[in-house]
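First up is the structure itself, then whatever we jot down about it.
The values are calculated or read from the model by the stated rules, or taken from the named source; none is laboratory data. Computed from a predicted model, the values in this text were never measured in an experiment. In this analysis, Cβ positions are derived from the backbone assuming ideal geometry, glycine residues included, and neighbour counts consider all displayed protein chains. Areas reflect the complete protein model, heavy atoms only, side chains present, ligands, DNA and RNA absent. Shrake-Rupley method; radii C 1.70, N 1.55, O 1.52, S 1.80 Å.
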Amino acid sequence: MERRDKHNYYLDIAEVVLERGTCLRRNYGSIIVKNDEIISTGYTGAPRGRKNCMDLGVCRRQMLNVPRGERYELCRSVHSEANAIISASRRDMIGATLYLAGKDCETGELVHDATSCAMCKRQIINAGITNVIVRRSENDYEIIDVQRDWVEDDDSLGDKLGY
């Protein structure tokens, strides 16, 4: 048996974490790791004390046919990245890596083009996380350099601002 590489090991753990998710569309799991120590975990779910979509049996965004990546203000859930950040101290997150894995609830398939939403990107940047590693398949992943890919290449500016 071949030993699992470290990135896939942590992504495997993120996949287990996503199994706690309560979204009816897609569930994500995140773990924050620093110096080979898991700092925190997070999964997609309603804020503490509120009913989640799984319990309600309905997703408002799904009901309204909202496309993926749009109108997150209608969503009941706190994203996995945000939940992991909320559960960690800032000093532990500075220089850390966040691992992200997602599954489609209907098919059970990995979300091969998973990415953090604009709000989660801002939180990851402010938390001081250095890299985000996203699962693409059982053995493949993408490494995102937060400074280069999300700060210097700031997609939030867009053409609308003339930059």
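A few remarks follow.
- Extension gain for residue 151 to residue 25 (0.36 nm times residue separation, less C-alpha to C-alpha distance): 42.5 nm.
- Per-residue Karplus couplings for region 120-128, computed as 6.51 cos²θ - 1.76 cosθ + 1.60 with θ equal to phi - 60°, are listed in order as 5, 4, 4, 5, 4, 4, 5, 6, x Hz, Gly and Pro entered as x.
- Segment residue 6-residue 109, length gained on full extension (0.36 nm per residue, minus Cα span): 34.9 nm
- For region 37-163, the solvent-accessible area with a 1.4 angstrom probe is 61 square angstrom per residue.
- When the chain is treated as a GNM with alpha-carbon contacts under 10 Å, the residue of 136, 122, 60 showing the greatest mean-square fluctuation is 60.
- Three-way shape label, region 1-76, alpha-carbon gyration tensor, a/c 1.5: prolate
- Virtual spin-label span in nm between residue 63 and residue 35, 7 Å along Cα→Cβ: 4.8
- Nonlocal amide H pairs with residue 26, under 5 Å, H built at 1.01 Å: 105
- Computing Cα Rg over 2.2 N^0.38 Å for the structure here picks out one of (1) 0.94; (2) 1.03; (3) 1.34, namely (2).
- Accessible area per residue was computed with a 1.4 Å probe on protein heavy atoms; residue 119 scores about 100 Å².
- Prolate/oblate/rounded call for region 68-163, Cα gyration tensor, a/c under 1.5 rounded: rounded
- Measuring nothing but how far apart in sequence close Cα pairs (under 8 Å, 6+ apart) lie, relative to its length, region 22-79 scores a relative contact order of 38 percent.
- Close amide H contacts of residue 96 (hydrogens built in the peptide plane, cut-off under 5 Å, sequence separation of 5 or more or a different chain): 130.
- Looking at region 44-137, the GluC sites (Glu not before Pro) that sit in a DSSP loop and have at most 15 other Cβ atoms within 10 Å of their own Cβ are 70, 106, 109.
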